[in-house]
Amino acid sequence: MTATPVNTPITPVLTSSLSCGTTDVPLIEQTLGDFFDAMVERLPDHEALVSVHQQLRYTYRELQTASKQLASALLGLGLEPGDRVGIWSHNNAQWLLMQLATAQVGLILVNINPAYRVAELEYALNKVGCKALVTMARFKSSDYLGMVRELAPELDTATAGALQAARLPQLRTVVWLDEPGQADEAPGLMRFSSLLAAGDAADPRLAAVARLLHATDPINIQFTSGTTGFPKGATLTHRNILNNGFFVGEAIKLTPADRLCVPVPLYHCFGMVLGNLACLTHGATIVYPNDNFDPLSVLQAVQDEKCTGLHGVPTMFIAVLDHPRFGEFDLTSLRTGIMAGSPCPIEVMKRVVRDMHMAEVTIAYGMTETSPVSCQSNTSTPLEKRVATVGLVLPHLQVKVVDPASGETVAPDVSGELCTRGYSVMHGYWEDPARTAEAIDAEGWMHTGDLATMDAQGYVNIVGRIKDMVIRGGENIYPREIEEFLYRHPQIQDVQVVGIPDSKYGEELCAWIVLRPGQTLSEDDVRAFCKGQIAHYKVPRYIRFVSEFPMTVTGKIQKFKIRDEMKLQLGLQEDKTA
């Protein structure tokens, strides 16, 4: 590795808000399967994965063998390159096996948020035409198999792998993640352990299929909410996510000596790319502390596994720092990691550096559509720059700030829309060329919808959002999606959803509802309507019943006035540190 940080801009002093990443380290032009196989040959006996809550450990060779066995089994289901396979699960070893196995045989892995409920699951599976779904059986109070059966009652009489469901017409196979020794029977479903056992790591079809794959082939679909109220399937290629994982790992100087604690969800790019692929492209070790975030298990895993890196959104780091048993754990092995998802208060960053020994923690910025990271600070970025900015453009990418009206690149330190271009820009929204063209212009620039400034050194600062988006605890939520859902309620005439400040999550949702004439409804009635149909984080915390909305003389609803009124009612203030 060179002494110069990999994301130092080429131009030291910029005359306009356009910055280009370095190109001295070449892009990876292999498929994920080919690159991973080469890494296995270099480090066959090195530990690749530790799933603490499952008490599972895999060397690079063992991970390769298991993933090839699974890839063979997936082909045995009749799946072919280009087919979509859903994964609906929290973090576990099977998730990573699915990520690798699907990539090796050209299947497209579809990430489904475990917070999704029936209506969202139905939409996601049908939008991209999933032929197979791998799902958790249950988690806490959530019955995942029950939700699948609600959509596909035909499972009760179906032969495993031959489902014909009216509401899920393309889905053929549902696989559930069983645990060792679990005796439950699930009619019409296939056990993951049985599926895996049916595969053969030496299956000659694997090499035959691999020879037909290209780095530019789609490999992954992630749903991102749209202003239309319906999620869009951001489609990413081998080249997109493999390179982004590599250069993000370069920025935190990962090596085989590193062990990265990954408590962030794998269904997001944060876990899947910045976690899994950053490690696998550097021969480092992935450590899953638990199936979902729990601060105590993070502390325990960092200490027991001597983790050198830790990823998280600011709320996760706050929960770890404020845990009553924080002082009992030895965190001196920590060095680096990534904080992303929402702005980081400077005091939190100082505590992470001082109390968690993460002197080389970095900040990253991106979006699903850019695989995800466009800008990142590096291990030597001054602390004030790490907090006040989202760092510099990554290698082989370009970022610019443009006037939203004219499209012209603005001068340094002038606010405008941030755009990014390069290998990381998505393949497109799945079967949605119109919305793809709205997001990516004719010159290949992805328009992020975020307002930003860029200083003369190339450091980017996100200052606001053009799009009407709410960020609650690192989850991006588009109010229109919630509005569209609530419009389904027969007693609701109109609804407007806004984000309002919240000390814990950054923002919370608030719904103003106009009822149909003569109707009555309570806040609890609205929440009950949402329960089990949309993710918990999309259910408005604050609900108000009103007779009208504030409007302009031309009839445009003024959401900022709704927001201001709620802040006044609740005595809320904006968090100036975030």
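Computed over the alpha-carbon atoms, the stretch 373-459 gives an Rg to Rh ratio of 1.00, Rh here being the Kirkwood radius from the mean inverse distance. Listed by chain and number, the lysines placed with their C-alpha closer than 17 angstrom to that of Lys140 are Lys531; residues fewer than eight positions away on the same chain are left out. In this structure the chain gives 39 Å² per residue of accessible area when probed at 1.4 Å with all protein chains present.
Shape of the stretch 22-76 from the C-alpha gyration tensor: oblate (a/c of 1.5 or more and a/b not above b/c, with a ≥ b ≥ c the square roots of its eigenvalues).
Derived from the Cα gyration tensor, the three semi-axes of the equivalent ellipsoid of the stretch 133-212 are 25, 17, 11 Å, largest first. Listed as lacking a disulfide-compatible partner in the chain: Cys20, Cys130, Cys269, Cys279, Cys344, Cys375, Cys419, Cys510, Cys530, by the criterion of no other cysteine Cβ under 4.7 Å.
Write down the Kirkwood hydrodynamic radius of the stretch 276-403, to one decimal in angstroms, obtained as one divided by the mean of 1/r over all alpha carbon pairs.
Kirkwood hydrodynamic radius for the stretch 276-403: 15.4 Å.
Could you tell me whether the stretch 317-365 comes out rounded, prolate or oblate from its Cα gyration tensor? Rule is a ≥ b ≥ c as square roots of the eigenvalues, rounded for a/c under 1.5, then prolate if a/b exceeds b/c, otherwise oblate. Note, shape of the stretch 317-365 comes out oblate. Only Lys, Arg, Asp and Glu carry charge here, each on its Cβ (+1 for the first two, -1 for the last two); on that basis the stretch 405-471 has a dipole of about 120 debye about its Cα centre. With all protein chains in place and a 1.4 Å probe, the accessible surface of the chain carries 52 percent carbon and sulfur. Here the Karplus relation 6.51 cos²θ - 1.76 cosθ + 1.60, evaluated at θ = phi - 60°, turns the backbone of the stretch 255-272 into coupling constants of 9, x, 6, 8, 10, 9, 7, 10, x, 7, x, 6, 6, 9, 4, 4, x, 5 Hz, with x for every Gly and Pro. DSSP beta bridges confined to the stretch 181-309 are antiparallel in about 60 percent of cases. Using only Cα coordinates, the Kirkwood hydrodynamic radius of the chain works out to 24.6 Å. For the chain, the residue among Ile286, Phe247, Val393 whose Cα projects farthest onto the positive side of the dipole built from Cβ charges is Val393.
In the stretch 85-138, the C-alpha radius of gyration followed by the widest Cα-Cα span (Dmax) gives 10.9, 31 angstrom. P(r) tail, the stretch 345-406: Cα-Cα pairs separated by more than 19 Å, 40% of all pairs. The base-10 log of I(q)/I(0) for the stretch 428-550, evaluated at q = 0.18, 0.19 Å⁻¹, reads -1.03, -1.09 [Debye formula, identical scatterers on Cα atoms, solvent excluded].
Within a straight-line Cα-Cα reach of under 20 Å, Lys504 can be paired with the following lysines, leaving aside sequence neighbours fewer than 8 residues apart in one chain: Lys350, Lys538, Lys567, Lys576.
Here is what passes the span test in the chain: the DSSP H helices with alpha carbon length of 18 Å or more along the helix axis and a Kyte-Doolittle mean of -1.0 or above are 60-76, 238-251. Quick one: plug the Kirkwood hydrodynamic radius of the stretch 65-222 (C-alpha pairs) into Stokes-Einstein at 20 °C, 1.002 mPa s, and report D in µm²/s. For these conditions, the coefficient is 137 µm²/s. For the chain, DSSP calls about 60 percent of its internal beta bridges antiparallel.
Of all DSSP bridge pairs formed entirely within the stretch 1-127, close to 50 percent run antiparallel.
The values are calculated or read from the model by the stated rules, or taken from the named source; none is laboratory data. All of these numbers come straight from a predicted model, not from anything done at the bench. Every residue, glycine as well, gets a Cβ built from its backbone with ideal geometry; the counts of neighbours run over all protein chains shown. Accessible surface areas use protein heavy atoms only, side chains included; no ligands, DNA or RNA. Shrake-Rupley method; radii C 1.70, N 1.55, O 1.52, S 1.80 Å.
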